[in-house]
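Each remark here refers to the structure printed beneath this line.
The values are calculated or read from the model by the stated rules, or taken from the named source; none is laboratory data. Since the model is a prediction, treat every value here as computed from it, not as a measurement. No Cβ is skipped: glycine too gets one built from the backbone with ideal geometry, and neighbour counts run over all protein chains shown.
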Amino acid sequence: MKKVLLISALIISILCCGCHNVQKQISDEEINTLLQGRRQIDSILMYDSLVFDTESKVSFNGFDYYRVIDEKYDEWNEWTAYVKSIYSDEIAEIILKDNKMINIDGKTYTDGGGKGNPLSDEYTYEIVSETNDTVTILLKNTDNFTSETIETEIILVKTSNGWRITIY
């Protein structure tokens with residue numbers, strides 16, 4: 001009888017440990033890093049301009065560009081490395097081919113763009129689905145102008161370089 005109880009206790013212990021050890025495919029820290037990176041890149045490309053030198057104006061394809069002097073992104077390889085640390089290779093290439101930011105002799109240039117981002121810096125998200133190499137989340141931000149909640153589905157993929165966003 002003691003052996004049966006001992007074996008039963010062992011089986012229950014193993015089963016319970018298995019339940020508590022179920023791991024998410026991606027950590028909250030990884031998700032937040034990607035979402036904050038996405039927010040920063042969106043801010044740079046769509047709403048905000050990096051710090052640039054107005055005296056360094058060049059014309060390219062009929063548009064004026066200015067040399068970025070923000071130390072984090074003034075070199076083109078720094079900008080591309082950052083974009084590729086957040087987005088999958090396919091999406092990073094689309095972003096890097098956009099004419100908002102361009103490469104001239106290894107230096108980053110911007111078109112100067114508009115200022116201000118309508119979305120709040122605060123957000124929440126929930127995981128909608130999860131497999132070994134894909135996680136879909138629902139991101140919720142507040143529009144600063146209308147106070148409406150904006151919901152965006154974001155797909156994360158596991159790459160050889162870590163998790164990346166695969167939708168832009």
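Among the residues of region 10-63, just one is at pLDDT below 90, closer than 16 Å to Leu156 by Cα and among the polar types (S, T, N, Q), namely Gln25. Scan region 74-88 for residues that are of a type in the set (Gly, Ala, Ser) and either assigned to a helix (DSSP H, G or I) or within 13 Å of Phe52 (Cβ to Cβ) (or both) and the total you get is 2. Annotation note: of Thr136, Thr142, the sole residue that is at pLDDT 95 or above and surrounded by 14 or more Cβ atoms within 10 Å (Cβ to Cβ) is Thr136.
Considering Glu93, Glu71, the condition of being in a helix (DSSP H, G or I) and under 26 Å from the mean Cα position of the chain (by Cα) is satisfied by Glu93 alone. Exactly one of these conditions fails for Ile127: (1) over 16 Å from the mean Cα position of the chain (by Cα); (2) farther than 12 Å from Leu45 by Cβ. Give me its number. Going through (1) over 16 Å from the mean Cα position of the chain (by Cα); (2) farther than 12 Å from Leu45 by Cβ one by one, Ile127 breaks only (1).
When the test is whether a residue is touching a Leu at 6+ places or on another chain (Cβ under 6 Å), more than 23 Å from Glu30 (Cα to Cα) and surrounded by 14 or more Cβ atoms within 10 Å (Cβ to Cβ), Lys100 passes it.
Filtered by the rule that a residue be assigned to a strand (DSSP E or B) and in contact (Cβ under 8 Å) with a residue 24 or more places away in the chain, region 59-68 gives Phe60, Phe63, Asp64, Tyr65, Tyr66, Arg67, Val68.
Cβ-Cβ distances below 8 Å connect the following pairs, each with a first residue in region 143-168 that is within 22 Å of Tyr47 (Cα to Cα), a second residue that is among the hydrophobic types (A, V, I, L, M, F, W, C) and part of a loop (DSSP other than H, G, I, E, B), and a separation of six or more residues or different chains: Glu153/Ile167; Ile154/Ile167.
Determine, yes or no, whether Tyr125 is farther than 22 Å from Thr54 by Cα and touching a Lys or Arg at 6+ places or on another chain (Cβ under 8 Å). Answer is yes for this residue.
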